[in-house]
Structure formats: structure tokens, C-alpha cells
Amino acid sequence: MKALKILAIETSCDETGIALLEASGGMAAPKFKVIENLVASQVKVHIPFGGVVPSLAKREHLKNLPVLFKKLEDKIMTRSGRLSFDLIAVTAGPGLEPALWTGIEFAKQLGKQYKKPVVGVNHLEGHLYSFLLKKPGIMSALGARKIKNMFPAVALIVSGGHTILLKLDSLAKWRRLGETRDDAAGEAFDKVARLLDLPYPGGPEIEKLAKKGDPAAIPFPRPMIHDKSYDFSFSGLKTAVLYYIRDNPAAKKADVAASFQEAAIDLLVTKTMRAAREASARSILLSGGVAANRALRARLKAAAKKTGCAFLVPDMTYNLDNAAMIGGAGYMATLRKKRYPLKASGEMNI
Ligand code: KG4
Ligand code: ZN
């Protein structure tokens, strides 16, 4: 199968992303080379509200999309004279519907203008496959043998909206083992950050503060950790932090952050490792915004090593929402002949 040049667009939440990448190799050994991966973060716009405001997200995407596209065009033109691509991949869901529509409409318009097909992409598949991408300019190197030998695999997708555990038999076939029954892991980080008067998004702030605290200072609960299912629950942990702060106003914030982070990581690592053992997994995949957390990466990596599993995690560039991963998932969906309709689908699952 010939190489495809993919223009990718991501607008599911508060990051506007446009990327250009080359994909080749087919399902047996997919290879990607990210040419450009541009992201315009809206974080500053949402900070005063302590979270993402959908109507503002929509407004910002509408403003940012043409600016980012022009920037991409300029970069490519100065290098090779002309921007060309074979396919446009755009996030169709899950996410905020008004935000998703801006990307879809923009993609359709470009599709008409350049006379190229447009395919819808599942944002969660973007995260799932993000370990296949290397830094811009570098071709990914996982060969056919490595890909074949990595299955069965267990994948943990942890973001602001999702906490999902999958069992994969191949890059094209998987089954959902469990997911959160209430808050997503990233949402718990964001809510606890708010309780500690830290700005949005809370994940990186908690991680920074936790470095100065004692993870064993406060024995926060680990809801459902011994439950037989592979589901997660984070809202009880968040509530325990709320009560602890209320009842111990003099508590050291760094200890609260470190102890909360420790409990959240325990929950994620314990369930993932149990799934890995029961599935006789040969590799463990971690992705999504919370995968940027170095403490989580280190703990899961160490646990995987102990069990003899390979640990596959995206480069730091691709944990948070970005368009390169949408291009990657667009290629994989095309190979799988999976079609997502070009309409915003807020609740799309994986
Ligand atoms: O994947 P993502 O960019 O957007 C969604 O698809 O939801 O994930 C964003 C989430 C936010 O909740 C953010 O607080 C969390 O990822 N996050 C982190 C870290 N960096 C981002 N959580 C923990 N530690 C981090 N370093
Ligand atoms: Zn995401």
C-alpha cells in the first residue's frame, strides 16, 4: 500500500490542533512520520472559569483554525513549495459537540477546496495509537516483528474525560475491560487541584506540588481497588480529599497533593497490572493527558518490567490532545475500513 499524506484536525476540547504526517506500512507494520504538529492551547481563556467553557472553546477554535492552517501552509511552502495531502482526518468524537463541529466543518471546507476525502476519527483511538508516533521529523521504528510480538496487550487510556482499560489482540481488534463509573482520572486531578486553589488544568499543578510532599502522609481511600471488575471510581477519592481539607485546614498542601496522586496512581496501576496478568499480556500501553504524569509513567513502567511486559507510552509531545495522533488514528481506521460519520458525536466510545 502506498504512503498516504494526511492532514489532521483536532478540536474536541480546549486545544486546537492541525498536523501533517506521512503514513505507510499497512496494518502489519504501520509507520508514521509527523511533518508538523501545531497546537494552539486555549488554557488561558478558560483559566478564569476553572474549567473548559464549551461556547468559548467553539469561539477559540473558529478563530484558531484558519490561523494554524495558514501557519502550516507557510512552513511547508518555505520548505517544499506546495502544501499537498491525500486525505483529511478530523476528530468526530467524543468531546464537546460545539467544539467538534468547528473542526468537522473546517475539514469539510478544506476537503472541497483541495478535492480530497475527509474521514472522521475517534479521539480515543487517537490516544490509543499515539505510542506509534515519534517526534516531528522522525520516522517511527516499530517493525512488523515488534508489532506482532506485542500482543495480547492491555491499554490504559487516561484523560480529562475518560479512564478506560482495553485488552488488545492486535492493532485492529480490542475489547473494553472496564472504565470509570464516575469521574475520569484527569477530572479527579482537576477537581482536587481546585480544592487546593491551584489553576486549571490541575494535573500538571498537582504533579508539581506533589514533588514537595509526602505520598504516605495521608491514607486516602482507594475506591474499588479490590473490586473484581476492571472499573474505576475516582469520585470517592475526590470527596475524601474535600473532607480532609475541610477538617484539617492547617494540612500541608503538598502532602495532600502527594497523597492524592499516590492513591490515584495505586488505583490505575493495580487494576492495569491485574488485567495484564489475567490477559497474559506481553505489553502495556499508557496514553491520554494523564499519561504525561511522570510518577504514573514511572510506576507503571516498573510494574510492567517486573511482570516481563513491554511498556509502550507516547513521546511527551503526544500525551495531551494533538492533531498528529488524530492523523495516526485516521490512517489506522482507513486500514480497518472503519468509518465514523462526519458529525459531532459527543459520547462516542471505543
Ligand atoms: O487527553 P487530554 O489532553 O484531554 C482529554 O481528552 O480529556 O487530557 C487532559 C487531562 C486533564 O484533566 C489534565 O489535568 C490531565 O490530562 N493532565 C495530567 C497531567 N497533565 C495533564 N494529569 C496528571 N498529571 C499530569 N502531569
Ligand atoms: Zn484527549
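The values are calculated or read from the model by the stated rules, or taken from the named source; none is laboratory data. Everything numeric here is computed off the predicted structure, so don't read it as measured data. Note that each Cβ is placed from the backbone with ideal geometry, even for glycine, and that neighbours are counted across all protein chains shown.
Looking for something within 15 Å of L110 (Cβ to Cβ), more than 15 Å from ligand 1 (Cβ to nearest atom) and either buried (at least 17 other Cβ atoms within 10 Å of the Cβ) or among the basic types (K, R) (or both) - is there at least one such residue anywhere in region 38-54? Please lay out each step first, then the result.
Our first condition is that a residue be within 15 Å of L110 (Cβ to Cβ); within region 38-54, this holds for 38.
Now narrow it down to the ones that are more than 15 Å from ligand 1 (Cβ to nearest atom): 38.
Keeping just the survivors that are either buried (at least 17 other Cβ atoms within 10 Å of the Cβ) or among the basic types (K, R) (or both) gives 38.
Yes, some residue in region 38-54 is within 15 Å of L110 (Cβ to Cβ), more than 15 Å from ligand 1 (Cβ to nearest atom) and either buried (at least 17 other Cβ atoms within 10 Å of the Cβ) or among the basic types (K, R) (or both).
Return the pairs, sorted by first residue and then second, in which the second residue is outside any loop (DSSP other than H, G, I, E, B) and of a type in the set (F, W, Y), the first residue lies in region 126-144 and is closer than 19 Å to S170 by Cβ and within 14 Å of ligand 1 (Cβ to nearest atom), the beta carbons are less than 7 Å apart, and the residues are 6+ apart or on different chains.
Cβ pairs passing all conditions: S130/Y318.
Would you check which residues across region 120-171 are aromatic (F, W, Y) and in contact with a Pro (Cβ under 6 Å, 6 or more places away or on another chain) and list them? Give the derivation first.
So in region 120-171, the residues aromatic (F, W, Y) come out as 129, 131, 151.
Hit for region 120-171 is F131, nothing else.
Which number in (1) in contact (Cβ under 8 Å) with a residue 12 or more places away in the chain; (2) part of a helix (DSSP H, G or I); (3) over 23 Å from M224 (Cβ atoms) marks the one condition that A251 misses?
A251 satisfies every listed condition except (2).
Mind listing whichever residues of region 195-219 are at pLDDT 95 or above, part of a loop (DSSP other than H, G, I, E, B) and not acidic (D, E)?
Hits for region 195-219 are L196, L198, K211, K212, G213, P215, A216, A217, I218, P219.
Go through region 295-350 and give me each residue that's in a loop (DSSP other than H, G, I, E, B), without any contact (Cβ under 8 Å) to a residue 60 or more places away in the chain and small (G, A, S).
G308
Those residues that are over 20 Å from the mean Cα position of the chain (by Cα) and without any contact (Cβ under 8 Å) to a residue 24 or more places away in the chain, I need them from region 50-65; list them, please.
L56, R59, K63, listed by residue number.
Would you pick out the residues in region 133-154 that are surrounded by fewer than 17 Cβ atoms within 10 Å (Cβ to Cβ) and either of a type in the set (S, T, N, Q) or not in a loop (DSSP other than H, G, I, E, B) (or both)?
The answer is M139, A144, R145, K146, K148, N149.
Looking only at residues that are surrounded by fewer than 23 Cβ atoms within 10 Å (Cβ to Cβ) and of a type in the set (G, A, S) in region 267-300, which one is farthest from the chain's Cα centre (by Cα)?
Among those residues, the one meeting the criterion is S280.
Go through region 8-48 and report how many residues are more than 16 Å from ligand 2 (Cβ to nearest atom) and either closer than 30 Å to K148 by Cβ or of a type in the set (S, T, Y) (or both).
Here the count works out to 16.
Do the conditions hold for A193, that is, is it buried (at least 22 other Cβ atoms within 10 Å of the Cβ) and in contact with a His (Cβ under 7 Å, 6 or more places away or on another chain)?
Details: buried (at least 22 other Cβ atoms within 10 Å of the Cβ): yes; in contact with a His (Cβ under 7 Å, 6 or more places away or on another chain): no.
No: the conditions fail for A193.
Going by what's in this entry, would P314 be described as surrounded by fewer than 17 Cβ atoms within 10 Å (Cβ to Cβ) and either closer than 28 Å to E105 by Cβ or modelled with pLDDT of 95 or more (or both)?
Spelling it out, it is not the case that P314 is surrounded by fewer than 17 Cβ atoms within 10 Å (Cβ to Cβ) and either closer than 28 Å to E105 by Cβ or modelled with pLDDT of 95 or more (or both).
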